[in-house]
Amino acid sequence: MPSVRIGVLTGGGDCPGLNAVIRAVVRRGIDDHGHEIVGFLDGWRGPIEGAYDDISVESTRGILPRGGTILRSSRTNPFKRDDGPELIRATLDKLEVDALIAIGGEDTLGAAARLYGEHDLPIIGVPKTIDNDLAGTDMTFGFDTAVQIATEAIDRLHTTAESHNRVMIVEVMGRHAGWIALHSGLAGGADVILIPERPFDIEDVCRLIQRRHSRGRYFSIVVVAEGAVPQEGTMEIVTGGEDEFGHARLGGIGQRLEHEIEQRTAIESRATVLGHIQRGGTPTAFDRVLATRLGLAAVDAANEARWGVMPALRGTRIELVALSEAAAGLRTVPVEDYEAAQTFFG
Ligand code: F6P
């Protein structure tokens with residue numbers, strides 16, 4: 001392919017490893033293929049409003065271990081406005097950008113799939129999310145880092161739980177899927193893990209804690225995903241506002257559990273919400289390597305004009321899959337994985 005201009009953007013929640021993808025896109029794109037790289041700012045806002053920076057090998061030096069994204073991000077939805085797709089096309093034409101690499105999760109890649117499928121724009125996706133819930137790939141970068149951070153937090157909370165005979169509730173991220181809760185809970189030796197895929201009965205949770213205490217243990221750790229919900233009619237919960245993609249702002253289930261567990265068991269309970277700490281800071285080595293491999297594969301796909309695809313981890317290999325696969329649904333925790341974790345409950 002002759003030398004062209006390739007745009008890159010990062011959309012949705014930030015995620016450890018985004019800068020590693022950008023670095024790989026730049027290094028492979030410029031050094032190996034002779035292309036120019038345009039960095040669109042703030043997710044889809046960049047190509048909609050023409051906000052961009054030219055990025056170079058020099059300007060991306062030192063970003064491999066940095067969390068967040070040097071291109072910044074937003075939850076802008078290009079389909080929220082009628083002229084969104086046409087504005088993106090106009091920006092690409094004006095800047096003579098021949099390919100756009102969109103790094104993001106379900107919303108960013110969902111928009112990318114539509115921009116390619118319905119508007120024939122030359123788009124390639126790169127899957128990211130700490131939630132690890134994207135279809136089409138076996139794993140996303142950012143997840144390993146989030147699990148590492150959450151596990152360390154659970155280890156540290158054990159200290160206070162043991163010293164004060166308390167139930168410590170740890171609320172982790174995971175809007176639709178409980179991967180972070182499941183893996184950090186298993187790694188941290190949680191006594192109960194609650195995930196969105198399995199509406200819980202608060203009575204069962206309290207029974208498990210009481211069973212543990214009746215067997216001579218005097219503290220418990222409960223790990224709950226932010227998107228976990230009680231079975232209908234068993235316990236009240238509240239949610240906040242919505243973003244441009246219609247997702248509720250979550251957070252609060254930990255506090256509700258703290259109250260309910262203490263009321264029902266008479267054991268002192270305390271909740272900790274890990275929140276954005278799970279997305280912050282340096283990526284693990286695993287995430288840096290996965291992100292780098294995906295960035296390299298994305299530029300190679302652009303070089304071959306393979307639009308409407310994303311590189312994905314399949315087993316141990318990186319393969320190109322249709323963007324529509326990522327947009328088709330979410331990858332949630334299988335029943336058998338949760339049942340395996342239940343062995344250690346209570
Ligand atoms: O999608 C990733 C995620 O981290 C979710 O787990 C969480 O619900 C959401 O992002 C939080 O987004 P924001 O940073 O916009 O509050």
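In table form, for the structure just shown:
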item	result
Efficiency of FRET between Glu336 and Ala266 - r from beta-carbon atoms, R0 41 angstrom, step 0.05	0.70
Percent accessible area from carbon and sulfur atoms, the range 1-136, protein chains only, probe 1.4 Å	43 percent
Rounded if a/c under 1.5, otherwise prolate or oblate - the range 240-281, Cα gyration tensor axes	oblate
Separation of alpha-carbon centers, the range 254-288 and the range 195-246, rounded to whole Å	12 Å
Positive dipole terminus of the range 122-272, leading residue within Phe245, Gly216, Ile193 (C-beta point charges)	Gly216
Tail fraction, Cα-Cα pairs, the range 208-316, threshold 16 Å, whole percent	75 percent
Accessible area per residue, Å², the chain with all protein chains present, probe 1.4 Å	41 Å²
Cα gyration tensor shape for the range 50-98, rounded if a/c is under 1.5, else prolate or oblate	oblate
Separation of alpha-carbon centers, the range 35-72 and the range 81-101, rounded to whole Å	16 Å
Most to least packed among 171-178, 229-236 [average Cβ atoms within 10 Å]	171-178, 229-236
Per-residue [θ]222 nm for the chain (sum of -39500 (n - 2.57) over DSSP H runs n ≥ 4, rounded to 500)	-11500 deg cm²/dmol
Burial order of peptide ranges 99-105, 194-200, 62-68 (average beta-carbon count within 10 Å, highest first)	99-105, 194-200, 62-68
Reference-scaled alpha-carbon Rg (2.2 N^0.38 Å with N residues) for the chain	1.07
Förster radius 35 Å - calculated FRET efficiency between Arg314 and Glu86, Cβ distance, rounded to 0.05	0.50
Ranked order, Tyr218, Tyr338 - accessible area, probe 1.4 Å, largest first	Tyr218, Tyr338
Relative contact order %, the chain, counting alpha carbon pairs below 8 Å whose residues are six or more apart	23 percent
Rounded, prolate or oblate (a/c below 1.5 giving rounded, otherwise prolate when a/b exceeds b/c) for the range 157-261 by Cα gyration tensor	prolate
Among Arg306, Arg256, Arg288, residue whose mean-square fluctuation peaks in a GNM of the chain (springs only between Cα atoms under 10 Å)	Arg256
Extension gain from Ser59 to His247, taking 0.36 nm per residue of separation minus the Cα-Cα distance	64.2 nm
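The values are calculated or read from the model by the stated rules, or taken from the named source; none is laboratory data. Since the structure is predicted, the reported quantities are computational estimates derived from the model, not experimental observations. Reconstructed Cβ throughout: ideal geometry from the backbone, glycine too, with neighbour counts over all protein chains shown. What goes into the accessible areas is simple: the full protein's heavy atoms, side chains included, and nothing from ligands, DNA or RNA. Shrake-Rupley method; radii C 1.70, N 1.55, O 1.52, S 1.80 Å.
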